[in-house]
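Here is the structure we will look at, set down as structure tokens.
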Amino acid sequence: MKFGQRFSIRKNLEPVEMARGIWNPTMLSWRDIIEDYLYISKKRIDNKWSMFKLQLNIFQDIVGNIKAIDDYKKLVIKNTKDEKEGTITRDDFENEKEHINSQIYSHTIINKALREIVDGIVWKYFSHSRAILYMLADKQPIETIRPDEGTINNLYEFADVFLEDDAVAIYNDITNFLRIGDVTKINKDNTIEIIEVKANKKRGGRIIRQKDKMSEIVEFFNTGFTNYDGKILKIVNSNLKQTNYLSLLRNAIQKAKHHGFESLLIGKYLILEIIDLSKGKGDKSISYFESRHKSVREEWERGDDFIHPYFFIDKMDYSKNCAPFSIYPFDIETCADIMMGKIMIRALFNFTEVLRIIKRAGWNIDDALILRSENEIKSLKGKEIKDVSFLKVSKGPLIFDVPPSFIARIQFELLSPTTMIGQFEELYNKGPQKEFEYLLTNYTDEQRIWH
């Protein structure tokens, strides 16, 4: 890879309550558009002009939705003033507020779904190199894109790349993963160029820091090593065959599409509650879910296990830890339904049981955030995430800090905990290695899993 710089001119809501916020007329009208875009991203991935026009359309849609969100927020301010002055009644104010909040939420989800589609293109262009993409996503995604001079310059640069015979480009701001530089160029020989577009050649502090960051990424591509937060980070390729339960989820989703809802138990550590919101059976689903897997729930309660409830759609809040929904091994319609919330998946994740699985495999649990006292957890407030031990395991001389991304993959990609333990064993079998302190893994079978 080469470095290039160019200059140019809900968390705890019940399913029924969740449905009221997600599956509304705005989402219904956009759902087919998302499916169409997703189809093009998969079926026309080798057609550079299809990729060019698709990204321009997605860019335009994201900017339009951002404008709509801004307008709704201004309307909230106006309505608040009118309600205080007595121009509108309290009931009218509350009804309008509920509608506005629903619209803001919907436009936000739509933009996240649009970015998930481009993320799928990014994963394919980067040959599903998880570790590299993790590093490139090492910044919060940009939520707001303004049609200013800088944006126009970026679009010109983006278009110029497509005029070259042997290259395609990604407009970085419409992705979650490409957070370094402005445009990413992918050449026919699979070399990658990160392009930073600037209006002039002045080098202020911000530009210098960004250039340093981009140079780090280039070094990481070329050598597999980089300095990350003052420590040595290494990329390791693993031939370990990854096991996941996405096929079970796919089958459960098909049943939910037929009956309206379905429940799935994976091991004794994860319960998935799946609802097809278009069926309008949310009220009936509650009693159904309460009746399912009772013995497992009671066992969790007796053990006072730590249960983390979440929704699958939460993954789109910050996506660098997991593969995008757009390349999950499901049909295009199902992927679109998940991204748009038509298929709602609520999960109950038993972290304590996962720790038991690790211990049964012969590993010690030296530290885990969930095992700390309430006062200890409160004392961590304000600390950098990188300075807090999420999960620390050991075996013999090897002590390994397990990053949250490992657990996120079990939760959202339904990766088997045995695959995670398999990586622990790979590290253990390699013996002491002092040349790195942080580790990222590229699995050689990623392309087998993702579509």
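The numbers here are math on the coordinates, done by the rules we state, and not lab data. These numbers come from a predicted model, not from an experiment. A quick note on method: Cβ atoms are made from the backbone with ideal geometry, for glycine too, and the neighbour counts reach across all protein chains shown.
Some observations on this one:
- Long pairs among Lys112/Lys342; Lys241/Lys268; Lys294/Lys315; Lys112/Lys234; Lys42/Lys124, criterion Cα-Cα beyond 19 Å: Lys241/Lys268; Lys294/Lys315; Lys112/Lys234
- Against the empirical curve 2.2 N^0.38 Å, the C-alpha radius of gyration of region 24-67 lands at a ratio of 1.25.
- Asp401 paired with Arg146, simple spin-label distance in nm, labels 7 Å along Cα-to-beta-carbon: 3.7
- Here the residues Met339, Met27, ranked from fewest to most Cβ neighbours within 10 Å of their Cβ, fall in the order Met27, Met339.
- Dimensionless Rg ratio for region 217-352, taking C-alpha atoms and the 2.2 N^0.38 Å reference: 1.31
- In loop segments of region 231-281 as defined by DSSP, the trypsin sites (Lys or Arg not before Pro) with at most 14 further C-beta atoms inside 10 Å of their C-beta are Lys241.
- Within the shell of other residues whose beta carbon sits under 12 angstrom from the beta carbon of Asn244, the net charge comes to +1, with Lys and Arg scored +1 and Asp and Glu -1.
- All other residues whose Cβ lies under 10 angstrom from that of Ser50 are scored, Lys and Arg at +1 and Asp and Glu at -1, for a net of +3.
- Here the Debye sum runs over all C-alpha atoms of region 246-449 as equal scatterers in vacuum, and log10 of I(q)/I(0) at q = 0.07, 0.10, 0.13 Å⁻¹ comes out as -0.25, -0.50, -0.83.
- Stretchable slack from Lys279 to Asp317, in nm (0.36 nm times residue separation minus alpha-carbon distance): 11.1 nm
- For the pair Ser295 and Glu425, label points projected 7 Å from Cα toward Cβ lie 2.8 nm apart.
- With the simple model of a label 7 Å out from the Cα in the direction of the Cβ, Gln60 to Asn101 spans 3.4 nm.
- Compared with the alpha-carbon gap, the fully stretched path from Thr87 to Lys392 is longer by 103.9 nm at 0.36 nm per residue.
- Potential extension, Asp366-Leu248 segment - 0.36 nm per residue separation minus Cα distance: 39.2 nm
- Sites Asn375 and Asp160 - FRET efficiency at Förster radius 56 Å, r taken between beta-carbons, to 0.05: 0.45
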